[in-house]
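See structure below.
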Amino acid sequence: MTISREAILEWLRAFAEVVDQNKDALTRLDMAIGDGDHGANMHRGMQAVMAKLPSIADKDIGTIFKTVSMTLISTVGGASGPLYGTLFLQMASVTSGKTALTPQEFSQALKSGIDGVVARGKAAPGEKTMVDALLPAFEALKASLDAGLSFAEAVRACAAAAAAGRDATVGMVAKKGRASYLGERSVGHQDPGATSSHLLLEAAARTLPGTEA
């Protein structure tokens, strides 16, 4: 099977929709340990992306991802804009010129994006960041594909691992960003970046081909 350009566009639309639905919840999480603007910032960024999509819907996947990246960097404040922008920019770099992706190519693109986030944020697992959702999600995707599971099964495992990673941030001490100023007081709070990262991958599990429950 392949993942079409149209499926990628639908994934982005689904992410924008779920960010809209969860913007207040994301902001509440961020108010507890951050600047209190993650939900509003991500919503603004994804609405700007939605405004751009019609003009690039006939472009290759790399161009679509690069446009998402540039739009998020220019419209999302705080650390989220550069980090999500880097995620999509690195995904763009390995999907340039492609109008469809194999499951392995999608996995490679996601790995490239996550590697970019790790490098940009200088974050390691266990530091209460979006990396705590993204890294286990990629590892579950790769392991599932390597084991011969269908892409539908693999991307569902990816989303489930992201959810588990998100939940694990509750017990972590924040080591990065504004939340790190709280030290031990950051324990007991779910990381907003890990939460929105799960929303991104949960949207993928719902929209990419063959992933209907």
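A short reminder: the numbers here are calculations on the coordinates, not readings from a lab. No experiment lies behind these values; they were computed from the predicted model shown. All Cβ positions, even for glycine, are placed from backbone atoms using ideal geometry, and neighbour counts span all protein chains on display.
Listed values, structure above:
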| quantity | calculated |
| --- | --- |
| Under 5 Å, built H, 5+ apart or other chain: amide partners of D191 | T169, V170 |
| P(r) tail fraction, segment 48-137 - alpha-carbon pairs more than 18 Å apart, % | 45 percent |
| Per-selection Kirkwood Rh - the chain (Cα, Å, 1 d.p.) | 16.8 Å |
| Furthest towards positive pole of dipole, A140, M91, G81, structure part the chain, Cβ charges | G81 |
| Difference of contour (0.36 nm per residue) and Cα-Cα distance, A147 to A40 | 34.6 nm |
| Convex hull volume per residue in cubic angstrom - Cα atoms of segment 24-65 | 74 Å³ |
| D58-D20 FRET efficiency (beta carbon distance; Förster radius 22 Å; 0.05 resolution) | 0.30 |
| The chain: most fluctuating residue of A119, A32, A203 per GNM, C-alpha cutoff 10 Å | A119 |
| The chain: relative contact order as a whole-number percent, Cα under 8 Å and 6+ apart | 23 percent |
| Using distinct alpha-carbon pairs, which all enter the 1/r mean, Kirkwood radius of segment 42-81 in Å | 10.1 Å |
